[in-house]
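Notes follow the structure.
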Amino acid sequence: MTAKMAASMVEQGEDAFRKLFKFYKRRNPPPDFSDVIDFSRKAGNELVYAAELKHGSVSEEAAFRAGLQPVKEWRAFGLQGYPGFIFISNPFLPGSQHYWVKQCLKTYTQKPNVCNLDMHMSPAETENIWEKSVGSFWKKGQREPRTLLEKLRWVTLGYHYNWDTKTYSPDHYTPFPEDLHSLSHKVAAACGFPGFKAEAGILNYYRSDSSLGIHVDESELDHTRPLVSFSFGQTAVFLLGGTKRQDPPTAMFMRSGDIMVMSGSSRLLYHAVPCIVPAPAGHPLPTCLDQRVVKDELNNGIIQTVCEKDWEVCSTYLKTSRINMTVRQVLGPGQTFPVTHSHTVTAKEQSRSGYEEETQTAKKRKSETGYDLDS
Ligand SMILES: O=C(O)CCC(=O)C(=O)O
Ligand SMILES: [Fe+2]
């Protein structure tokens, strides 16, 4: 048997996750999405059941101020075989997703937050990504991404994740954004995790041809705290696997406004995003984004109405993109970072160190989300 044959057997026979990842990543011809669970559909899938939330843990007013429907109205689901996994089908109030999209593009991209562009550009060049992009926004039919926003792949918040050492460090920290902490705290509480502290965030920016490789998020020091993930813009296929990298995954759509909570024994499952689903012809933006203005009362709350000019930039961006925010609590109550010989890790240092075959998260993320700029 040739090495090639053996490799192909491994691919076909054993590594069910890689096989399905490739299946959904394929573009020509486009994959058949009929096995992908769609939580937005009324008709159920036998694996899906309604999840019980803690209605009393977030008052209607608190939910309202965060731009969320009352918790009792949320459509929350569990998946057979994945205890601790909770999928909440877009619980945002009309108009309020826009605020988070604007934060991800205009606010959270600002220094001292760290982004993929810092790996090979100077701080001066990656300052004010929003302002530098809006002036020369890309034109229709243009093939190459030109603006920094188009080249943006990830931003880190709070304890800035070091992709090379796969660790968080107290030496590289920016206070976590209050607004996103408040949103995540409420979602976690509704799912039975009161006292959630948002300490680190990874924002992922996907273009229509982006994907995110198979990985598990285990760098946080307390795995009893959930991981809370929010999606905006274009729909993605999300693959949720098992505790072993090869375990066969379940595919589901993640649409604009959807929230996913990975907790309990689902906290450390392998997962991936093999593809962004092409938007239906004539509908480049999901209809849940049609209504832009939030109710006036919300102006005293966490979120604010996005002005027309800013939304024009955001909506143009979202017609070909997806934004995902994953929020993590790094330390348990009273827990501290293990003592290591510490020094501040700079972006330059991160980009210099080599990658080993098994430190795949960063490598995959850097390549499959187009970290190495292909333009
Ligand atoms: O984009 C997504 O839905 C997944 C993101 C993710 O898995 C991560 O940031 O660790
Ligand atoms: Fe992840």
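Would you work out which of Gly67, Ser256, Trp100 lies farthest towards the positive end of the dipole of segment 17-328? Charges go on Cβ: Lys and Arg +1, Asp and Glu -1.
Ser256
Quick one: pull the percent of accessible area on segment 17-328 belonging to carbon and sulfur, 1.4 Å probe, ligands and nucleic acids left out. Kindly include the intermediate steps, with their values, before the conclusion.
Working: 6710 of 13000 Å².
About 52 percent, which is the carbon plus sulfur part of the accessible surface.
Based on the mean of other Cβ atoms within 10 Å per residue, sort peptides 167-177, 29-39, 63-73 so the most packed one is first. Walk me through the numbers on the way to the answer.
On the way: 167-177: 16.5, 29-39: 13.7, 63-73: 19.5.
By packing density, highest mean first, the sequence is 63-73, 167-177, 29-39.
So, with +1 on the Cβ of K and R and -1 on the Cβ of D and E, and no other charges, what is the size of the charge dipole of segment 52-168 about its Cα centre, to the nearest 20 debye? Mind dumping the intermediate values first?
Values: 15 positive and 11 negative charges, 72 e Å.
Rounded to the nearest 20 debye, it is 340 debye.
When you count, for each residue, the other Cβ atoms within 10 Å and take the mean per peptide, how do 304-311, 267-274 rank with the highest first? List each step's numbers first, then the result.
Working: 304-311: 15.4, 267-274: 21.4.
Final packing ranking: 267-274, 304-311.
Which percent of Cα-Cα pairs in segment 17-328 sits in each 10 Å bin, short to long?
6, 27, 38, 25, 5, 0
Could you work out how much longer the chain between Val293 and Leu47 gets when fully extended? Use 0.36 nm per residue separation minus the Cα distance between them, nm to one decimal. Working shown, then result.
Numbers: separation 246, 0.36 × 246 = 88.56 nm, distance 3.65 nm.
That pair, Val293 and Leu47, stretches by 84.9 nm at full extension.
How many nm is it between the label spots at Val216 and Cys307, if each spot is 7 Å from the Cα in line with the beta carbon?
4.8
The values are calculated or read from the model by the stated rules, or taken from the named source; none is laboratory data. Since this is a predicted model, take the numbers as computed values, not measurements. Virtual Cβ from ideal backbone geometry, glycine too; neighbours counted across all protein chains shown. When the accessible area is computed, the model is the full protein with side chains, heavy atoms only, and any ligands, DNA or RNA have been set aside. Shrake-Rupley method; radii C 1.70, N 1.55, O 1.52, S 1.80 Å.
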